[in-house]
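In what follows, a single structure is set out as structure tokens and then discussed.
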Amino acid sequence: MPMSASFAQRLLPHVHSIAQEFGTPFHMYDELGILESGHEFNAAFSGLDGFREFYAVKALPNLRILEILRNELGFGFDCSSTAELAMARQLGASGEDIMFTSNNTSADEYEQSLDHGGCILNLDDLTFVRKLPRMPELICFRYNPGTSNFGNSIIGAPRSAKFGLRHDQVIAAYTEARARGARRFGLHAMVVSNERRHRRMAAILQMLLEVCGEVTAATGIRFEFVNVGGGIAIAYRPGERPFKLQAFADLAVQLLDAFEREHGYRPKMYMECGRLITGPHGVLVTRVLNVMSKYRSYVGVDASMSDLMRPGMYRSTYNHITVVDRAGQELRGPLGAVDVVGSLCENRDKFATDILLPPVRENDYVVIHDTGAHGHSMGFQYNGRLRPQELLLRRDGSVELIRRSETVDDYLRTQLDFESRRFTPAGGSQRSRSIVAAPTASTASGSNSRSS
Ligand SMILES: *Cc1c(COP(=O)(O)O)cnc(C)c1O
């Protein structure tokens, strides 16, 4: 949903003064919007006893945001790496507040996930049952149906996806886990991405409940929960219809009622949405550096694909763009087709191709919508383009810096600030201070903002 009228009203008139204070570019997140979406989400599922959302940390891994989601909305966290686990635990989450859904998991990740109060461990492969250093009481498996009913160009078709257990492996997985000491059980799937149809989400629940029924019949195991994953769409284009959350929740109640009638018990339902919760409540604010006429017309801004990968990475995606002047007024005038581009030496570095904009001038602000999930977190440093700052528009209207921009010092730290080591395979290793010269005063002070 291109930014809400309320977010636009609270942000756009102040864009210039915020840019003067913090510099550009920045991702700006809207606390009010996130809270509204979160409350609406919880309310939609209030008919489902024990329902819980485990926010997908990878969507917006910022401690300040995660703290809001945990403290104000009661969300748990869906983590898939040790760094994400560390963030969740730093905020006081542990045990059943965390689902750990890794794939191609390492021994170290198992250790980390089981230590420090543990988590709900979600195993992605049958071999992991034996590889786990110890079997926790509560265990979950990720299921891959292998059918072509799910998936799309972003997540891929289930049959060619690297995730989850094959259908014929499921009963063995639960039987072996129980033999190793597991006593409580869950079942998980994540098989769609940016899914618009609520019936598709209901079909995932139905599929999981069928698998539960099979396992229960074969083993007597009763499932404590099913986790239908995330992957719910937001409307990136103006006028697009939003996902019908309440209709999905109502179907979920019916499916769980039917399951209970047939099997005599009722699993809880969990979800792990990222995009739906925070996606629409973030924007990337950039400043126009150059207006250029080549074989096409270009508006060059001070952010690049490294600050927001989605438009350049996936064909057919769209992120809405608004251009405002220093007064926060949307530009007007005859429309012309332009590409909005960054500075990477890579031609996919475009936020938009052939979009119609009124005449844009240097120092106008180009606001790119829907960056509140899988935006900053997918960023990278290719070409020495450093990751941008993140700001939070608080409910009282103040603006809080919640992650600073990276500096040249940050970029060089892993090459300069470490104990260097030289290893000769036949002759052992020697240690010394970093072999590269320490930074000179001019690089050490490397500016932390790309403009002022
Ligand atoms: C990425 C991911 C999610 C969140 O996806 P959204 O599209 O942001 O809802 C949830 N679960 C798993 C396992 C994921 O990999």
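Of all the accessible heavy-atom surface of the chain, with the other protein chains kept in place and a 1.4 Å probe, what percent is carbon and sulfur? Don't skip to the end; give the middle numbers.
Numbers: 9880 of 20540 Å².
Roughly 48 percent of what the probe reaches on the chain is carbon or sulfur.
Return the calculated 222 nm mean residue ellipticity for the chain, to the nearest 500 deg cm²/dmol, obtained by summing -39500 (n - 2.57) across DSSP H runs with n ≥ 4 and dividing by the residue count. List each step's numbers first, then the result.
Details: 14 runs with 133 residues, N = 452.
Result for the chain, helices only: -8500 deg cm²/dmol.
What's the local net charge at Gly230, with K and R +1, D and E -1, over the other residues with C-beta under 12 Å away? Charge balance near Gly230 sits at -2. Within the same chain, aspartates and glutamates fewer than 8 places from Lys162 are excluded, and of the rest, those with a Cα less than 15 Å from its Cα are Asp124, Asp125.
What fraction of the DSSP beta bridges in the chain is antiparallel, stated in percent and rounded to the nearest 5? Please list the in-between numbers first.
Working: 35 of 70 bridges.
Percentage antiparallel, nearest 5: 50.
For the chain, averaging the sequence separation of C-alpha pairs within contact (under 8 Å, six or more residues apart) and dividing by the residue count gives a relative contact order of 19 percent. Here the scattering of the stretch 31-278 is modelled by Debye summation over its C-alpha atoms, one equal scatterer each and no solvent; at q = 0.14, 0.17 Å⁻¹ the log10 of I(q)/I(0) is -0.92, -1.40. With the convex hull of the Cα atoms taken as the outline of the chain, the averaged projected area works out to 25.5 nm².
Within 12 Å, Cβ to Cβ, of Ser316, how many net charges do the neighbouring residues add up to if Lys/Arg are +1 and Asp/Glu are -1?
Values: positive: Arg237, Arg310, Arg315; negative: none.
My count for the surroundings of Ser316 gives +3.
Measuring with a 1.4 Å probe in the full set of protein chains, what accessible area per residue, in whole Å², belongs to the chain? Provide the component values of the computation, followed by the final result.
Numbers: 20540 Å² over 452 residues.
Counting only protein heavy atoms, the per-residue value for the chain is 45 Å².
Straight-line cross-link partners of Lys294 among the aspartates and glutamates, defined as a Cα under 12 Å from its Cα and at least 8 positions apart when in the same chain: Asp339. Taking Cβ atoms as reference points and 14 Å as the exclusive limit, the residues near Glu390 contribute a net charge of -1, counting Lys and Arg as +1 and Asp and Glu as -1.
For the stretch 123-229, run through the trypsin sites (Lys or Arg not before Pro) and keep only the ones in DSSP coil with at most 15 other Cβ atoms within 10 Å of their Cβ. List each step's numbers first, then the result.
Working: sites: Arg130, Lys131, Arg134, Arg142, Arg159, Lys162, Arg166, Arg178, Arg180, Arg183, Arg184, Arg196, Arg197, Arg199, Arg200, Arg222; in loops: Arg134, Lys162, Arg166, Arg180, Arg183, Arg196, Arg197, Arg222.
Here the sparse-neighbourhood loop sites are Arg134, Lys162, Arg166, Arg180, Arg183, Arg197, Arg222.
Can you give the extra length, in nm with one decimal, that the chain gains between Asp325 and Gln20 once fully stretched, where that is 0.36 nm per residue apart less the Cα-Cα distance? The span from Asp325 to Gln20 would gain 108.5 nm if fully extended. The base-10 log of I(q)/I(0) for the stretch 279-403, evaluated at q = 0.09, 0.10, 0.12 Å⁻¹, reads -0.24, -0.30, -0.43 [Debye formula, identical scatterers on Cα atoms, solvent excluded].
Only Cα pairs under 8 Å and 6+ residues apart enter the sum, and on that basis the relative contact order of the stretch 31-278 stands at 20 percent.
The values are calculated or read from the model by the stated rules, or taken from the named source; none is laboratory data. These figures come from a predicted structure and were not determined experimentally. Here the Cβ is made from the backbone with ideal geometry for all residues, glycine too, and neighbour counts use every protein chain on show. The protein model used for the area step is the full one, side chains on, heavy atoms only, and it has no ligands, DNA or RNA in it. Shrake-Rupley method; radii C 1.70, N 1.55, O 1.52, S 1.80 Å.
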